[in-house]
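The structure under discussion appears below in the form of C-alpha cells.
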Amino acid sequence: MLISIRFHGRGGQGAVTASKLLAQTASEMGYYSQSMPFFGAERRGAPVISFTRISDEPIYEMSQVYHPNIVVVLDPVIMKVVDVFRGVKEGGWIVANTTKKPDEFVFGQEYLNIVAVDATGIAIKNDLLVAGMPVVNTPMLGALLRADIPLNIEVLEGIVARKFGKEGKKNVKAISEAYEFAEVKLIHGSGKRRYPKKQKIKVEFPISTPAEGVAGKTKLWRDFRPEINYDKCNDCLNCWLHCPESAIRLNDRVEIDYDYCKGCLVCAAVCPKKAITSEREVFADV
Amino acid sequence: MKISEMEREEYVLPGNTACQGCPSTVALRTVLKALEGNAVLVIPACCTSVYMGPFPHSAIGVPVFNTAFASAAATASGIKASFELQGKDTEVVVWAGDGGTYDIGLQALSGAAERGEDILFICYNNEMYSNTGIQRSGATPYGAWTTTTWKGKREHKKDVSELMLSHGIPYVATASVGYLRDLYEKVKRAREIRGFRYLEILAPCPPGWRFPMDKTIRMGKLAVESGMWILFESINGEFRFTGVSKSIAEGRRKMKSLEEYLLSQGRFSHLKPEDIAEIRKYVVKKWEKLARLEGEVDAAIAKFYV
Ligand code: SF4
Ligand code: SF4
Ligand code: SF4
C-alpha cells in the first residue's frame with residue numbers, strides 16, 4: 001500500500017502544515033509517512049503545493065508526487081489557475097473546499113470520487129480565523145478522512161488538540177464537522193484525459209545574452225536620489241569607480257543614469273568634494 | 001594607476017538584481033575592467049549567479065559558465081584546456097563566494113591549484129552564505145551573528161589565502177572592496193603570470209553585515225585600517241604586504257581600533273569585551289605569522305594592540 005496525496009492551496013492557508021499533520025497522524029498509527037513542500041516563491045497568496053506519502057512499508061521515493069491517489073484542494077478558486085486534476089489516478093479522490101456539489105465537477109478521468117465540503121463556511125462558523133483569514137487546513141483534513149485512507153479521526157484530532165493549544169478545541173470541532181458534513185460521490189468524468197503529446201525534445205544549450213536591465217528599470221528601488229553638483233565636482237571619477245550598479249556614465253562628465261541608479265549613495269559617500277547630495281526620491285510616474 | 005586611465009567599458013551592466021550597495025558587483029566590475037573583458041567567468045552558486053539575472057539575459061558582459069557549487073575550479077580547468085587547444089589566451093576566471101571557496105568548493109580549488117591549472121581563482125568573501133539568507137560559512141569570523149550562529153559564531157574562520165600560500169602557487173593576493181585601484185592593479189599583475197593564481201577580495205555586504213548601504217567602501221577600508229583584513233601579495237613565493245597593511249607592518253601607520261570596525265556592524269553589536277579580546281588575539285597572531293613570511297619586518301606588530 002502506498003497512498004500519495006497532493007495538497008493545493010495558497011500561501012498562508014496552511015497546505016504545508018496540513019500535509020505535515022497528515023503524515024504525523026499516519027506515523028502515530030504505525031505507518032511510514034513523509035511530507036514535503038514544493039519550494040517555489042512562497043509568498044502569501046501565491047499558489048503552493050505540498051505532498052504526503054503514507055505506506056505500510058518504508059518509502060524510498062523522495063520525488064514530488066506526480067500521480068496522486070488523493071488531491072486536497074484548500075482554496076475554492078485555485079482550480080481556475082491550477083489544474084488540480086493533473087495526474088490523479090483513475091478512481092482517485094478529489095477532496096475540495098467548495099460550495100459546489102460533487103456533480104458539478106468536470107475532469108478528464110473516467111471516474112473520480114469527489115469529497116465536497118464547505119471548509120471556509122465551517123471555519124467561519126467556528127470562529128477559526130487567523131489575521132482575518134479562515135483556517136481551512138484542519139477542517140480539510142477532516143474531510144480528507146472520508147476518502148480511501150486508513151487513518152483514524154481520533155488520532156488526528158488528538159494531534160491537533162496537542163499542537164494548537166488554546167485553539168485546539170475549535171480546530172477539533174471543525175475537523176469533526178467537516179468529516180460529518182462532507183458530501184461524497186463517485187462521479188463520471190469525460191474520460192478524455194489528455195496525455196501530453198510525445199514531443200521531439202530539442203536539446204539546446206541555454207545561452208543568455210548580455211543586457212542592461214535584467215531586473216527591469218531598477219530606479220524603482222530608490223528611496224534617495226543622488227544629485228551631482230557640477231560646480232563642486234572636479235572630475236576625480238571616484239563616484240564612477242565605486243558605483244556598484246555601473247549607473248554612473250562617463251560622458252563629457254560623470255552623469256548618473258537615473259533609470260538604473262538604485263540610490264545606495266555609495267557615490268555620495270566616496271566623493272571627496274562632497275559634490276553629491278541626496279534628496280528623497282519622489283516618482284511622479286508611479 | 002589613475003582612475004582616468006582605467007578601462008571605461010562596463011562589463012557588469014546596470015539594472016541587475018544585486019542589493020543596493022553590493023560589494024560583489026563593484027568588485028566584479030573592477031576585475032573585468034582590469035581584464036579588459038578578455039575573460040570567461042566560471043561562477044558556482046553564489047549571489048552573482050542570481051544577480052546576473054535569469055535566462056535569456058545576463059547582466060555580465062563577458063561569457064559566463066554557471067556551474068555547480070563544488071566544481072568551479074574543475075570546470076575552469078576544463079575550459080582552459082579547451083582554450084589552450086584552440087590557441088586562445090582568454091583568461092579563465094573563477095568568480096566564487098566564500099561558500100564556493102572555503103567550504104563547498106574547497107576540494108576542487110585545492111586540486112586545481114596542485115595541478116597548476118592556468119586559471120585565476122577569485123573569491124569574493126563576504127564571510128557568510130548571503131545568497132540563501134545569511135548562514136555561517138568557514139569564512140565567518142569569530143563572534144559574528146548569522147542566522148545559524150545567532151549568539152555569535154564560536155569558532156574562528158579558517159584562512160584560505162594562507163592555505164593557498166602553502167600550495168606554493170605562483171600568485172596569491174588579498175584585496176578589499178575598500179581599495180578598488182589596488183584590486184585593479186593586482187588583477188593586472190595576476191594576468192601577467194601563468195599558472196594557478198588565487199585572489200581573495202573582502203566584500204562587506206550591507207544586508208548580511210548589517211550596516212548602511214552607502215558604507216560598503218568605507219567598511220572595506222576600515223577592515224584593513226583596523227588590521228582585521230590584511231592586504232598582501234605573494235608572487236612566486238615572494239611575500240609582501242601591500243597598501244595600508246604595508247604601512248602598518250612597517251610601523252608607518254597606526255592601526256585603527258578594532259572596536260571601531262566591529263561595532264559599526266550589526267552582526268558584531270552583541271560582542272562583549274572578552275569576545276573582542278579573543279578576536280584581537282586572533283588578529284595579532286595572524287599578523288605575526290604573515291610578518292614572519294615577509295622576513296624583514298620584525299614581528300613587533302603586536303605592540304599596536306596593547
Ligand atoms: S546612488 Fe548608488 S547606484 Fe546610484 S549612482 Fe550613486 S553609487 Fe550608483
Ligand atoms: S566623486 Fe565627486 S568630485 Fe569626483 S567626479 Fe564624482 S561627483 Fe565629481
Ligand atoms: S547579499 Fe551582499 S553580496 Fe549578495 S547581492 Fe546582496 S549585497 Fe551583494
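Computed over segment A:67-225, the range of Cα coordinates on each principal axis works out to 59, 52, 26 Å, biggest value leading. Shape annotation for chain A: C-alpha extents along the principal axes are 79, 55, 38 Å, from largest to smallest. Amide H contacts of A:VAL71: A:ARG6, A:TRP93, A:ILE94, A:VAL95, each under 5 Å away and 5 or more positions distant or on a separate chain (H built 1.01 Å from N in the peptide plane; Pro and chain starts excluded). Cβ under 11 Å from A:THR52's Cβ, A:THR52 left aside: what net charge do those residues give with Lys, Arg +1 and Asp, Glu -1? Cβ neighbours under 11 Å give a net charge of +3. The lysine pair tally for segment A:2-188, using Cα distances under 16 Å and a gap of 8 or more places or different chains, is 8.
Checking the cross-link pairs A:LYS262/B:LYS215; A:LYS273/B:LYS215; A:LYS232/B:LYS246; A:LYS219/B:LYS215 against a 24 Å limit on the alpha carbon distance flags A:LYS232/B:LYS246 as lying beyond it. Using only Cα coordinates, the Kirkwood hydrodynamic radius of segment A:167-286 works out to 20.3 Å.
Here the Karplus curve 6.51 cos²θ - 1.76 cosθ + 1.60, taken at θ = phi - 60°, turns the phi angles of segment A:226-239 into couplings of x, 10, 8, 8, 5, 5, 8, 5, 10, 6, 6, 6, 4, 4 Hz, with x standing for Gly and Pro. Counting only DSSP beta bridges with both residues in segment A:1-108, the antiparallel share comes to about 65 percent. Projecting the Cα atoms of A:ASN251, A:PRO210, B:LEU263 onto the charge dipole of the protein assembly as shown (Cβ charges, centred on the Cα centre) puts B:LEU263 farthest toward the positive pole. When both segment B:46-93 and segment B:119-143 are represented by their alpha-carbon centers, they are found 20 Å apart. Once backbone amide H atoms are built at 1.01 Å from N, B:CYS19 has no partners under 5 Å, excluding neighbours fewer than 5 places away on the same chain.
Gyration tensor over the Cα atoms of the protein assembly as shown: the corresponding equivalent ellipsoid has semi-axes (square roots of 5 times the eigenvalues, largest first) of 55, 27, 26 Å. Just checking the listed ones, A:LYS20, A:LYS166, A:LYS202: in the Gaussian network model of chain A with Cα springs under 10 Å, the one fluctuating most is A:LYS202. Across segment A:70-177, C-alpha contacts under 8 Å between residues 6 or more apart give a mean separation that, scaled by the residue count, equals a relative contact order of 23 percent. To the nearest ten degrees, helix B:106-115 and the longest principal axis of the Cα atoms of chain B are 70 degrees apart. Around B:VAL172, what is the net charge, scoring Lys/Arg as +1 and Asp/Glu as -1 over all other residues with Cβ under 12 Å from its Cβ? Charge balance in the 12 Å sphere: -1. If the cut-off is 14 Å between C-alpha atoms, which aspartates and glutamates fall inside it for A:LYS192, apart from same-chain ones fewer than 8 positions away? Once the sequence-local aspartates and glutamates are set aside, what remains near A:LYS192 is A:GLU90, A:GLU110. For segment B:173-190, the Karplus equation 6.51 cos²θ - 1.76 cosθ + 1.60, evaluated at θ = phi - 60°, returns couplings of 8, 10, 8, 9, 4, x, 10, 6, 5, 4, 4, 4, 5, 5, 5, 4, 5, 4 Hz by residue, with Gly and Pro reported as x. Calculated on the alpha-carbon coordinates, the convex hull of segment B:152-288 measures out at 115 cubic angstrom per residue. Only beta bridges with both residues in the protein assembly as shown are counted; by DSSP, about 50 percent of them are antiparallel.
Projecting the Cα atoms of A:MET36, A:GLN24, A:GLY132 onto the charge dipole of segment A:15-172 (Cβ charges, centred on the Cα centre) puts A:GLY132 farthest toward the positive pole.
Counting only DSSP beta bridges whose two residues both lie in chain B, roughly 30 percent are antiparallel.
Under a Gaussian network description of chain B, with springs only between Cα atoms under 10 Å, the residue in B:SER161, B:SER71, B:SER247 that fluctuates furthest is B:SER247. Within the listed set B:LEU106, B:LEU28, B:LEU13, the residue fluctuating most in the Gaussian network model of chain B (springs between alpha-carbon atoms under 10 angstrom) is B:LEU13. With +1 on each Lys and Arg Cβ and -1 on each Asp and Glu Cβ, how big is the dipole of chain B about its Cα centre, in debye rounded to the nearest 20? With only Lys, Arg, Asp and Glu charged at Cβ, the dipole is about 800 debye. For A:TYR31, the shell of other residues with beta-carbons less than 14 Å away shows a net charge of -2, using +1 for Lys and Arg and -1 for Asp and Glu. In whole angstrom, note down how far apart the Cα centers of segment B:169-228 and segment A:176-217 are. Value for the Cα centre distance between the two parts: 46 Å. Convex hull of alpha carbon positions in segment A:196-238: directionally averaged projected area 7.2 nm². In this structure the amide hydrogen of B:PHE65, modeled in the peptide plane, comes within under 5 Å of the amide hydrogens of B:LEU41, B:VAL42, B:ILE43, none closer than 5 places in sequence on its chain. The charge dipole of the protein assembly as shown, taken about its Cα centre with unit charges on the Cβ atoms of Lys, Arg (+1), Asp and Glu (-1) only, comes to about 600 debye. Can you give me the angle between helix B:72-86 and the longest principal axis of chain B, using Cα atoms only, in degrees from 0 to 90, rounded to the nearest 10? Helix B:72-86 sits at roughly 40 degrees to that axis. Each Lys and Arg Cβ is given +1 and each Asp and Glu Cβ -1; about its Cα centre, chain A then shows a dipole of about 260 debye.
No value in this document is a laboratory result; all are computed from the given coordinates. In this text, all values refer to a predicted model and were calculated from it rather than measured experimentally. Every residue, glycine among them, receives a Cβ derived from its backbone with ideal geometry; neighbour counts consider all protein chains shown.
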